[in-house]
Amino acid sequence: MDDKVMIIMTSGPDTPRRCATPFFFASLAVAMDYDVTMFFTIDGTLLLKKGLAETIFPKTGGKPVSSFMQEALDAGVKFTACTASTELHDLQPSDLIDGVKMVGGAFMWQLAEDCKTVLNF
Amino acid sequence: MATIRGCNLPEDLYYLIDKHVWAKPIDGGLLRVGITAVAAKLSGGKLAAITVKAKNIGQEVKQGKSLATVESSKFVGPVPAPVTGVLVRANDALAANPNIAVSDPYGEGWIAEIKPSAWDAEKDKLATGASGVASYQAKLEADNISCS
């Protein structure tokens with residue numbers, strides 16, 4: 001079985017330049033045959049709101065964050081969102097893009113224990 | 001030597017067409033492997049890195065599994081193994097200049113050398129010779145890919 005890694009994404013729309021590399025690293029990890037999960041919490045969860053990531057550009061004139069996210073999803077990165085953080089932002093699960101699994105904080109701790117590496121952005 | 005839709009595709013290589021990688025028998029029962037001119041084009045032209053997973057050296061990598069990774073500013077993806085084999089060595093020259101895999105994908109820009117585990121069985125499923133290049137041409141036409 002492939003080694004597991006996790007990327008915890010806390011950056012969001014307030015810091016566009018911090019919102020491309022985590023997805024790039026996630027796609028890269030899949031290309032290296034890691035089993036990759038991203039855990040969105042704090043402001044990272046906002047990126048999962050339908051339509052929002054299309055409006056955030058890490059680099060002027062470059063691709064929107066949604067494009068980096070779609071590449072990660074297409075590569076096979078699993079997206080999980082912290083339920084409590086959706087409440088922080090008054091988001092309903094139905095407000096989020098498709099393919100996101102809602103999980104509690106304990107899921108993150110258990111997965112972290114199983115992972116070879118955990119990165120935090 | 002054949003040029004198809006602007007892509008240089010030598011007839012003496014063995015291609016895993018769907019993955020855009022090639023293999024070529026060399027001395028000592030080894031295979032040299034790399035990406036095709038098509039992969040070089042699809043990766044966006046200017047590469048930031050080609051990295052062979054160091055942990056894999058001395059280990060068997062299955063056909064189609066990731067042997068290395070390619071990174072550019074526009075793209076990140078695996079270099080799948082064209083055949084199953086034990087990874088013997090990586091091309092150290094790629095660390096200094098990954099773009100030799102674009103400028104000379106079948107020469108200086110090879111990616112790794114492997115000791116094949118089942119070459120006789122697997123080579124029949126790879127595309128080679130004039131018919132192999134014709135199959136590759138069909139793929140490029142179906143996907144509307146050109147290197148020029």
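Read-outs: derived from the displayed coordinates by stated rules, not from any lab. Treat the numbers as computed from the prediction; the structure is a model and nothing was measured. For neighbour counting, all protein chains shown are included, and Cβ atoms are generated from backbone atoms with ideal geometry for every residue, glycine included.
Among beta bridges identified by DSSP and lying wholly in the protein assembly as shown, the antiparallel ones come to about 65 percent.
Pairwise alpha-carbon distances in segment B:84-148 exceed 14 Å for 71% of all pairs. Cross-link pairs exceeding 30 Å in C-alpha to C-alpha distance, out of A:K4/B:K125; A:K101/B:K125; B:K74/B:K125; A:K59/B:K24; A:K101/B:K115; B:K41/B:K125, comprise A:K4/B:K125; A:K101/B:K125; B:K74/B:K125; A:K59/B:K24; A:K101/B:K115. Per-residue mean of foreign Cβ neighbours for A:18-28 is 2 (Cβ atoms of other chains, 10 Å radius). Dipole magnitude for the protein assembly as shown: computed about the Cα centre from +1 point charges on Lys and Arg Cβ and -1 point charges on Asp and Glu Cβ, it is near 340 debye. Alpha carbon centre of segment B:4-82 versus segment A:3-17: separation in Å? A separation of 30 Å, based on Cα centres. With the convex hull of the Cα atoms taken as the outline of segment B:16-148, the averaged projected area works out to 7.8 nm². Relative intensity of the protein assembly as shown on a log10 scale, I(q)/I(0) at q = 0.08, 0.15 Å⁻¹, equals -0.39, -1.06, per a Debye sum over C-alpha point scatterers of equal strength in the absence of solvent. For B:L140, neighbours were defined as the other residues whose beta-carbon sits under 15 Å from its Cβ, and their charges (Lys and Arg +1, Asp and Glu -1) total +1. For chain A, the average shadow cast by the Cα convex hull is 6.8 nm², which is a quarter of the hull's surface. For chain B, the mean residue ellipticity at 222 nm estimated from helices alone is -5500 deg cm²/dmol, where every DSSP H run of n ≥ 4 contributes -39500 (n - 2.57) and the total is divided by all residues, rounded to the nearest 500.
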